[in-house]
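The values are calculated or read from the model by the stated rules, or taken from the named source; none is laboratory data. From a predicted model like this one, the values you see are computed outputs, not experimental measurements. For accessibility, only protein heavy atoms count, side chains too; no ligands or nucleic acids. Shrake-Rupley method; radii C 1.70, N 1.55, O 1.52, S 1.80 Å.
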Amino acid sequence: MCRNIRTLHNFEPHATSEEVHAAALQYVRKISGSTKPSKANQEAFDKAVHEIAHITQHLLESLVTQAPPKDREAEAAKAKARAAVRYGAA
């Protein structure tokens, strides 16, 4: 369930609100054990996603680093190469 949570800090361009929301959604899904909450839990689920996305955005804005920003395309290529080694090239 949590494979879609990616490192969001120190990338250029910065993480979008959609990326932050997607990470928050995956986190809430993981800890709740539910990918689709019941109608009774939908409001609490949505509120948790919103609050976690909000605080995550604040965290990302507050973090500092001396390392140069990473390039998204280069990191994606590295991940693809690791996957090819791990799972075999298709």
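Less than 5 angstrom separates the built amide H of His14 from none of the residues sequence-distant by 5 or more or on a different chain. For the chain, the longest principal axis of the alpha carbon atoms and the long axis of helix 42-62 meet at an angle near 40°.
Here the Gaussian network model covers the chain, with springs between Cα atoms less than 10 Å apart; of Thr16, Thr65, Thr35, Thr65 fluctuates the most.
Lysine pairs in the chain with alpha-carbon atoms under 19 Å apart, 8 or more places apart or on different chains: how many are there?
Counting lysine pairs in the chain gives 6.
Helix content alone sets the calculated 222 nm mean residue ellipticity of the chain: runs of n ≥ 4 DSSP H residues at -39500 (n - 2.57) each, divided across all residues, give -20000 deg cm²/dmol.
In Å², and per residue, what accessible area does the chain have when probed at 1.4 Å with the other protein chains present? In whole numbers, the chain has 79 Å² accessible per residue.
Split the accessible area of segment 11-87 by element, probe 1.4 Å, and carbon with sulfur accounts for 59%.
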